[in-house]
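Derivation of every value follows stated rules applied to the coordinates shown; laboratory data play no part. No experiment lies behind these values; they were computed from the predicted model shown. Backbone-built Cβ (ideal geometry, glycine too); neighbour counts: all protein chains shown.
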Amino acid sequence: MSYVRYTFWGIVAVALIIVGLANRAPTQLRAMPDQLAEFLGMSPTIELPLFVVLFLGVALGLIIGFLWEWLREYHIRSEARSKSRELDRLRREVDRLKEEKHEGQDEVLALIDKAS
């Protein structure tokens, strides 16, 4: 089944290389519109190949999406942690009660009863 995964990622890599080669032209990125830049007297710009801008946009979108989902699922993880702690506490209590039940009995019978 791993060959399917490698084939998929190979196709994705080839597609990304083709997109990169097709969009090599430099593009100017501006931090603000021309009118605002004239008003403030500064115009921060950077020149990058278009494929870099595209890939950075996709990566930023993925990061924002993952962060949003992680924050959205916080209450689910919190509830799972509290249930896990409750389960551990109940297991310890059951073990303690089993020990109390077998207190004063023959050790062999207590071990047999504990195993079942």
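Structure notes:
- Counting only Cβ charges, +1 for Lys and Arg and -1 for Asp and Glu, the dipole size of the chain around its Cα centre is about 320 debye.
- The range 1-98, relative contact order in percent, only Cα pairs under 8 angstrom and at least six apart counted: 21
- In order along the range 5-20, the phi-based Karplus estimate (6.51 cos²θ - 1.76 cosθ + 1.60, θ = phi - 60°) of 3J(HN,Hα) comes to 5, 5, 5, 4, 5, x, 5, 4, 5, 4, 4, 5, 5, 5, 4, x Hz; Gly and Pro are listed as x.
- Convex hull of the chain built on C-alpha atoms - directionally averaged projected area, nm²: 16.3
- Under 5 Å, built H, 5+ apart or other chain: amide partners of residue 27: 48, 50
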